[in-house]
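The values are calculated or read from the model by the stated rules, or taken from the named source; none is laboratory data. The structure displayed is predicted, hence computed values, not measured ones. So basically every Cβ, Gly included, is an ideal-geometry build from the backbone, and we count neighbours across all protein chains shown. Surface areas here come from the heavy atoms of the whole protein model, side chains and all, with no ligands, DNA or RNA. Shrake-Rupley method; radii C 1.70, N 1.55, O 1.52, S 1.80 Å.
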Amino acid sequence: MDHSKVLAEFHGDASFPVAWKNDEEKRLFWFLDDNHVPFPVSPMYFSLHGWWGPTCDYLFRRFDVDTGLHWYGKVINGYLYTAIESRTPKDADEARAYYHWIMPTYATNFLDWWDKRYLPEVLRNFEYIDTFDADRATLAELMIHLEETIDIQERHFRLHWILNWAQFTAMMGFNGTVKELIGDVDRDVLAKTNVSRADRNWDSLKALWQLKEKVKAGDALRGVFLNAATVADIGPALNRSEAGRALLHDVAEYAKEFGYKAIYTHEYVYPLYVEDPAPILEQIKSYLVSDFDYHAIYEKCISELDASIASLRAQMAGRSADDRRRFEEALDLHLRMFPLTPDHHFYFDQGTFARMRIVLLRVGRKLVSDGLLDDPEDIMFLEYEQLRRYVGDPGRYPGRAAIAQAKAARDAAMKIKPRDWVGTVTHANMYEEPYHTMWGYPEKFERQQAGVSVRGQIVGLGGSAGVVEGRARVVKTPKEFDSVEQGDIMVCIMTNPAWVVVFSKIAGIVTDSGGILSHSATVAREFMMPAVVGCGTATREIKSGDRIRVDGDTGVVHLL
């Protein structure tokens, strides 16, 4: 097989120009990161490397991963694209033995490391950031505080990759064991083992449900939520009574534990729930209107998990004792490791990036008081090195001009429809690099190359089995959460844990981005609702109010 065979190329045209540093960049497959950063990327987030770059290079080095050497980031017309540099076939072949030899040990031992070493380290770092006395710090002290937070972010995302790879190895080991011992099994049965009995996602849902129950139990509190004209009216109304103030205290405590997240967590520009309780109050109202029953959702999910496990065990009944032992060991490791999927979102993708935003705003507020910025949020429109040069010599460095230019560029980028990929597609970077599945490849690429479209249909990937018909509701921001009604089918670009509260109302989900292991697909399986993910154009082709059929078995959305 010719691993280097070129399958497709796009190096830019008049409608979507691409500036290349060199020919080496051109030969890589650059895919749009709409799974993490669906809108134009901010200069500060990109300059601090987000989730790609140095921590991914560490990942490839630490594990001697046979499929990659580097994971690059590039801004193209305002949008984040990333590319993985593959190893040469010879180098990959030499690395493969160590990689496959060492990874089972990570999978087997990681939970112990996580509980005893890594999680305590993460929590200590969070405590340092959360208790830092920013009000008394000088600008120089705040900049050093920022440097330390950058170190923490990079350390946390090194841990993120160790966790991610260990958990992925446990899951793939279980899937491989099932394939070897049972053969091809129903995809839905296997998918329903990809849920956990306890994790921070379930904790957050339960805590929010408990707040809803407190509101539901009191006539006065219930009236405040149901009669408020807007969400902005709820807080002031609650503040007028002792019971209302007690609830606001409980909401603030909820935010301290679960509010270190933004609607799009892989960025610094979006406000956090811990900064403003309005989204939490809106979610409580949504739960109140739908009378969300946490226990019913949880018990149904776990019963589906247990049924899937029973189905697999029944298919193992005729196997030898040794085969059954191997199956149970692989299953046990997979089930114990899977809670790390939502938990790493909680601690890293949400909690770490959220705290970086908080630290940047601390610096931003000091710059406002010193007359160097008009708004603390403006700091997000400086690159990291630009910020250092500006605070180091504000009289000479054109910091305000850089901010104005970045804001104008972002506004212009918001009007651009980004391509799914640019560069060069080879057999190796499309079919041998496994992590593209998070973005729906290679199926997305194959659909585009085939150029086949059927009127009235949008094709994606079946993320969660089942079929549902209903009214579509296109959602792009948290301000639109309240427009979602019970039984709607949510159509969105992507989701992250901040979106979980909406799942209590919807009957199905359709996304532009993501693959079968994406957050949207995983949570849809937990809530046992059909999902089609990685459609690419769903939010443009579907309008709120359209009646659609979501077929999670075939990965097709029908516009009725």
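The set of residues in segment 327-376 that are among the acidic types (Asp, Glu) and either touching a Pro at 6+ places or on another chain (Cβ under 9 Å) or surrounded by 22 or more Cβ atoms within 10 Å (Cβ to Cβ) (or both) comprises 349, 370. Of all residues in segment 186-242, exactly one satisfies the criterion of being at pLDDT below 90, surrounded by fewer than 20 Cβ atoms within 10 Å (Cβ to Cβ), in a loop (DSSP other than H, G, I, E, B) and hydrophobic (A, V, I, L, M, F, W, C), namely 229. Contact map, segment 21-50: residues that are over 23 Å from residue 440 (Cα atoms) paired with residues that are part of a helix (DSSP H, G or I), Cβ distance under 6 Å, separation 6+ or inter-chain. Pairs shown: 42/380; 43/381; 43/406; 44/380; 47/384; 48/384. Scan segment 530-554 for residues that are within 18 Å of residue 495 (Cα to Cα) and buried (at least 18 other Cβ atoms within 10 Å of the Cβ) and the total you get is 12. Looking at segment 46-59, can you tell me whether even one residue there is open to solvent by less than 30 Å² (accessible area, probe 1.4 Å), aliphatic (A, V, I, L, M) and modelled with pLDDT under 95? Yes, segment 46-59 has at least one match.
Number of residues in segment 60-80 that are modelled with pLDDT of 95 or more and either in a loop (DSSP other than H, G, I, E, B) or under 16 Å from the mean Cα position of the chain (by Cα) (or both) equals 3.
Being in contact with a strand residue (DSSP E or B) (Cβ under 8 Å, 6 or more places away or on another chain), farther than 26 Å from residue 476 by Cβ and among the polar types (S, T, N, Q) holds for only one residue in 67, 55, and it is 67.
The lone criterion from (1) outside any helix (DSSP H, G or I); (2) closer than 23 Å to residue 95 by Cα left unmet by residue 55 is number (1).
Can you tell me how many residues in segment 296-345 are assigned to a helix (DSSP H, G or I) and free of Cβ contacts under 8 Å to residues at least 24 places away in the same chain?
Residues meeting the conditions: 14.
Assess whether residue 264 counts as being closer than 17 Å to residue 502 by Cα and outside any helix (DSSP H, G or I). Yes, satisfied. Per the conditions (1) more than 28 Å from residue 412 (Cα to Cα); (2) open to solvent by 50 Å² or more (accessible area, probe 1.4 Å); (3) part of a helix (DSSP H, G or I), the sole criterion not satisfied by residue 4 is (3). Inside segment 16-37, residues that are of a type in the set (A, V, I, L, M, F, W, C), out of contact with any helix residue (DSSP H, G or I) (no Cβ under 6 Å at 6 or more places or on another chain) and open to solvent by 20 Å² or more (accessible area, probe 1.4 Å) make up a count of 2.
Here residue 390 fulfils each of the conditions (1) crowded, with 17+ Cβ neighbours inside 10 Å; (2) more than 30 Å from residue 202 (Cβ to Cβ); (3) touching a residue at least 24 places away in the same chain (Cβ under 8 Å) apart from (3). Remark: residue 278 falls outside the filter, which requires a residue to be closer than 30 Å to residue 48 by Cβ, without any contact (Cβ under 8 Å) to a residue 40 or more places away in the chain and surrounded by 15 or more Cβ atoms within 10 Å (Cβ to Cβ). Applying the criterion of being among the hydroxyl-bearing types (Ser, Thr, Tyr) and more than 21 Å from the chain's Cα centre (by Cα) to the residues of segment 397-448, the residue that is modelled with the lowest pLDDT is 431. Apart from one condition, residue 99 fits all of (1) of a type outside the set (Val, Ile, Thr); (2) at pLDDT 95 or above; (3) open to solvent by less than 70 Å² (accessible area, probe 1.4 Å); the exception is (2). For residue 89, the stated conditions hold: it is in contact with a His (Cβ under 6 Å, 6 or more places away or on another chain) and loosely packed, with under 14 Cβ neighbours inside 10 Å. Figure legend. Inter-residue proximity from segment 508-536: first residues of a type in the set (A, V, I, L, M), second residues open to solvent by 10 Å² or more (accessible area, probe 1.4 Å) and assigned to a helix (DSSP H, G or I), beta-carbon distance below 8 Å, spacing 6+ or different chains. Indicated pairs: 516/191; 516/437; 517/437; 517/438; 523/201; 528/300; 528/304; 531/525.
Cβ separations smaller than 7 Å between residues 6+ apart or across chains give the following pairs from segment 137-166 residues that are crowded, with 16+ Cβ neighbours inside 10 Å to residues that are modelled with pLDDT under 95 and outside any helix (DSSP H, G or I): 157/51. The single condition among (1) closer than 27 Å to residue 524 by Cα; (2) part of a helix (DSSP H, G or I); (3) more than 30 Å from the chain's Cα centre (by Cα) that residue 183 does not meet is (2).
Yes/no per residue for (1) crowded, with 20+ Cβ neighbours inside 10 Å; (2) in contact (Cβ under 8 Å) with a residue 24 or more places away in the chain:
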{"site": "383", "(1), (2)": "no, yes"}
{"site": "408", "(1), (2)": "no, no"}
{"site": "422", "(1), (2)": "yes, yes"}
{"site": "428", "(1), (2)": "yes, yes"}
{"site": "450", "(1), (2)": "no, no"}
{"site": "454", "(1), (2)": "no, no"}
{"site": "458", "(1), (2)": "yes, yes"}
{"site": "465", "(1), (2)": "yes, yes"}
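Evaluation of residue 268 against the conditions (1) within 23 Å of the chain's Cα centre (by Cα); (2) open to solvent by 20 Å² or more (accessible area, probe 1.4 Å); (3) modelled with pLDDT of 90 or more shows that the sole unmet condition is (2). Scanning segment 439-475 for residues that are of a type in the set (Val, Ile, Thr) and within 21 Å of residue 38 (Cβ to Cβ) yields a total of 4. For segment 138-155, does any single residue satisfy the condition of being assigned to a loop (DSSP other than H, G, I, E, B) and at pLDDT 95 or above? Yes - at least one qualifying residue is present in segment 138-155.
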